[in-house]
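Undergrad: Below is the structure I would like to discuss, written out as structure tokens.
The values are calculated or read from the model by the stated rules, or taken from the named source; none is laboratory data. Keep in mind that what you see is a predicted model, and the values were worked out from it rather than measured. Counting neighbours? That spans all protein chains shown, and the Cβs are built from the backbone with ideal geometry, glycine included. These area figures cover heavy atoms from the full protein model, side chains too; ligands, DNA and RNA do not enter into them. Shrake-Rupley method; radii C 1.70, N 1.55, O 1.52, S 1.80 Å.
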Amino acid sequence: MCGRYALTATPKDISEFFALADLDDFPARYNIAPTQPILVVMSSEKREPGSNLPERRAFLARWGLIPGWVKDMKEFPLLINARSETAIGKASFRAAMRHRRILIPATGFYEWRRPPKESGVRPQAYWIRPKRGGVVAFAGLMETWSSADGSEVDTAAIMTTTANGGIRHIHDRMPVVIAPEDFSRWLDCKTQEPREVADLMRPVQEDFFEALPVSDLVNKVANMGPDLQKPVAVAQPEEEPPKKPKPDSTQMSLF
């Protein structure tokens, strides 16, 4: 899964990467967590052929998708990820896959390697970023949920796929990455049906990301500084206290 990520690129770099209008200034975010507002990118619906307006627009959505048919969002589970293998047919994501595919800008994500408890090795957090640096686009889905009082909330989920060989030793899932040359096809929900973009929902090439072990500071949402991405030594098995030697049963006591 993908439960934490970061977006530390400048608004100018993000605008250029996604071909957006200039974005308002905003701070770098080193620890983006579920239920927080996240930046998402969607095709511009009102753009006419030949228009000088950008073909894509960016806005904020709540991380945690809520399908439109949900009555009470407090009683519905938080859907921060959508499995690419089943999203086309799953009730929670079917409509979004057909009508509201989005891109989610990021500069990397965090994942945890969780060895078996009996191994004696503590869970280890990793900061996983593109080797080339810069911005990356995660595939995403969006739904606008309406409450009984008429208020609306844009909600989103990050799509995941099986981990590639470079990530598999940490976790068996990873975000779906959409290459710039495929942005238009992924976002085109008018002519590209879900089955026609299924080929884009695959693991990125194995050398795309690099994984750096980091401290457990990322576990707390309140920690939001660049020190979260500072590399640390990989956690080792916890040392066990030396065992006391058992008495030799063959030795006779003199007392």
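Undergrad: With the requirement that a residue be among the charged types (D, E, K, R) and in a loop (DSSP other than H, G, I, E, B), what does the range 185-195 give you?
TA: Result: ASP188, LYS190, GLU193.
Undergrad: Here is a check on your reading of the model: is MET159 touching a Cys at 6+ places or on another chain (Cβ under 8 Å), farther than 26 Å from LYS12 by Cβ and surrounded by 14 or more Cβ atoms within 10 Å (Cβ to Cβ)?
TA: Considered against the rule, which asks whether it is touching a Cys at 6+ places or on another chain (Cβ under 8 Å), farther than 26 Å from LYS12 by Cβ and surrounded by 14 or more Cβ atoms within 10 Å (Cβ to Cβ), MET159 comes out as no.
Undergrad: Output the number of the condition that PRO123 fails; it satisfies all remaining conditions of (1) under 22 Å from VAL218 (Cβ atoms); (2) open to solvent by 30 Å² or more (accessible area, probe 1.4 Å); (3) in contact with an Asp or Glu (Cβ under 7 Å, 6 or more places away or on another chain).
TA: The number of the failed condition is (3).
Undergrad: Starting from the range 10-21, take each residue that is in contact (Cβ under 8 Å) with a residue 12 or more places away in the chain and list its partners that are aliphatic (A, V, I, L, M) and open to solvent by 70 Å² or more (accessible area, probe 1.4 Å), counting only C-beta distances under 8 angstrom and pairs at least six apart or across chains.
TA: ALA21/LEU53
Undergrad: If you don't mind, there's one more thing I want to ask. Go over the candidates ASP182, ASP149, ASP207 one by one and state the one that is open to solvent by 10 Å² or more (accessible area, probe 1.4 Å) and outside any loop (DSSP other than H, G, I, E, B).
TA: Exactly one of ASP182, ASP149, ASP207 is open to solvent by 10 Å² or more (accessible area, probe 1.4 Å) and outside any loop (DSSP other than H, G, I, E, B), namely ASP182.
Undergrad: Right, here's the next one. Filter the range 107-133 for residues that are within 11 Å of PHE209 (Cβ to Cβ) and part of a strand (DSSP E or B) and give the result.
TA: Answer for the range 107-133, where residues must be within 11 Å of PHE209 (Cβ to Cβ) and part of a strand (DSSP E or B): GLY108, PHE109, GLU111, TYR126, TRP127, ILE128, ARG129, PRO130.
Undergrad: Please go through the range 85-110 and pick out each residue that is touching a residue at least 40 places away in the same chain (Cβ under 8 Å) and open to solvent by 10 Å² or more (accessible area, probe 1.4 Å).
TA: If the condition is that a residue be touching a residue at least 40 places away in the same chain (Cβ under 8 Å) and open to solvent by 10 Å² or more (accessible area, probe 1.4 Å), then GLU85, ILE88, ALA95, ARG98, HIS99, ARG100, THR107 are the ones that fit.
Undergrad: Restricted to the range 214-224, and to residues that are in contact with a Phe, Trp or Tyr (Cβ under 6 Å, 6 or more places away or on another chain) and outside any helix (DSSP H, G or I), which residue is nearest to ALA33 (Cα to Cα)?
TA: Per the criteria, the residue is MET224.
Undergrad: Same structure, new question: For the range 79-105, enumerate the residues that are in a strand (DSSP E or B) and closer than 16 Å to PHE59 by Cβ.
TA: ARG101, ILE102, LEU103, ILE104, PRO105 - these are the residues of the range 79-105 that are in a strand (DSSP E or B) and closer than 16 Å to PHE59 by Cβ.
Undergrad: Quick one: is TYR30 in contact with a His (Cβ under 9 Å, 6 or more places away or on another chain) and either closer than 24 Å to SER215 by Cβ or open to solvent by less than 30 Å² (accessible area, probe 1.4 Å) (or both)?
TA: no
Undergrad: While we're looking at this one, here's another question. Please state which of the following conditions ILE38 fails to meet, knowing it meets all the rest: (1) hydrophobic (A, V, I, L, M, F, W, C); (2) open to solvent by 30 Å² or more (accessible area, probe 1.4 Å); (3) under 16 Å from the mean Cα position of the chain (by Cα).
TA: Unmet condition: (2).
Undergrad: When the range 185-204 is examined, which residues are found to be within 18 Å of ALA137 (Cβ to Cβ) and either surrounded by fewer than 18 Cβ atoms within 10 Å (Cβ to Cβ) or of a type in the set (S, T, N, Q) (or both)?
TA: The answer is ARG185, ASP188, GLN192, ALA198, ASP199, ARG202.
Undergrad: Also, quick follow-up: What single numbered condition from (1) among the hydrophobic types (A, V, I, L, M, F, W, C); (2) farther than 16 Å from ILE102 by Cβ; (3) open to solvent by 30 Å² or more (accessible area, probe 1.4 Å) fails to hold for PHE17?
TA: Of everything listed in (1) among the hydrophobic types (A, V, I, L, M, F, W, C); (2) farther than 16 Å from ILE102 by Cβ; (3) open to solvent by 30 Å² or more (accessible area, probe 1.4 Å), PHE17 misses just condition (2).
Undergrad: Here's something else I'd like to know. Looking at LYS71, is it among the charged types (D, E, K, R), open to solvent by 20 Å² or more (accessible area, probe 1.4 Å), in a loop (DSSP other than H, G, I, E, B) and at negative phi?
TA: yes
Undergrad: When you go through (1) open to solvent by less than 80 Å² (accessible area, probe 1.4 Å); (2) not in a helix (DSSP H, G or I) one by one for ASP22, which number turns out not to apply?
TA: Result: ASP22 fails condition (1) only.
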